[in-house]
């Protein structure tokens, strides 16, 4: 019994990575035609032509980036009330296949620092983003938007609902998480959704 508990405790981070990879695989098989996928950028009050122009600008910035790469979906219309918290209609697009240019040790899409795994000498290398990488990517997107009014949000499985990175003219500045205990005594971290004004 003791041996089984030790196995569950030590192998939990490995299960976390496997779950992340499954979610990434399933999510990225969804089309980017309507946003609402890994990442959505909607320009408030923009015309289709204005949204397409920004899409081309962002595509060039991603091509030139030495850190990130991603695929951009086609521009599509968003009506008022088409998703939680929307205040204006507009046009936007989905962002998928967000990756680092260079692979690095990866242990899951969890918030905060990486857990210490007893007995593990090295972590597998992937181009998937972790906590700090995502925060930097959010800043990259907000910087590209400049003074444009836009809603930027995603649906990570580490957050309970839509997670916001930008609301109108306000770019998110702080990112935090909550911890929830599991049956095995290990805390699972859940991203804060960014619904409070103090985070912008």
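The values are calculated or read from the model by the stated rules, or taken from the named source; none is laboratory data. A quick note: this is a predicted structure, and the numbers were derived from the prediction, not measured. Cβ: placed from backbone, ideal geometry, glycine included. Neighbour counts: every protein chain shown.
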Which one of the conditions (1) surrounded by fewer than 16 Cβ atoms within 10 Å (Cβ to Cβ); (2) part of a loop (DSSP other than H, G, I, E, B); (3) modelled with pLDDT of 90 or more does residue 128 fail to meet, given that it meets all the rest?
-> (1)
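Taking segment 37-60 as the region of interest, how many residues are over 14 Å from the mean Cα position of the chain (by Cα) and in a loop (DSSP other than H, G, I, E, B)?
Residues that pass the stated criteria total 3.
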So which of 63, 33 ends up being modelled with pLDDT of 90 or more and either surrounded by 15 or more Cβ atoms within 10 Å (Cβ to Cβ) or within 20 Å of the chain's Cα centre (by Cα) (or both)?
-> 63
Filter segment 73-95 for residues that are within 24 Å of residue 193 (Cβ to Cβ), surrounded by fewer than 20 Cβ atoms within 10 Å (Cβ to Cβ) and touching a strand residue (DSSP E or B) at 6+ places or on another chain (Cβ under 8 Å) and give the result.
-> 76, 83, 85, 86, 87, 88, 89
Selection over segment 157-200 where residues are modelled with pLDDT under 85 and part of a strand (DSSP E or B) yields a count of 10
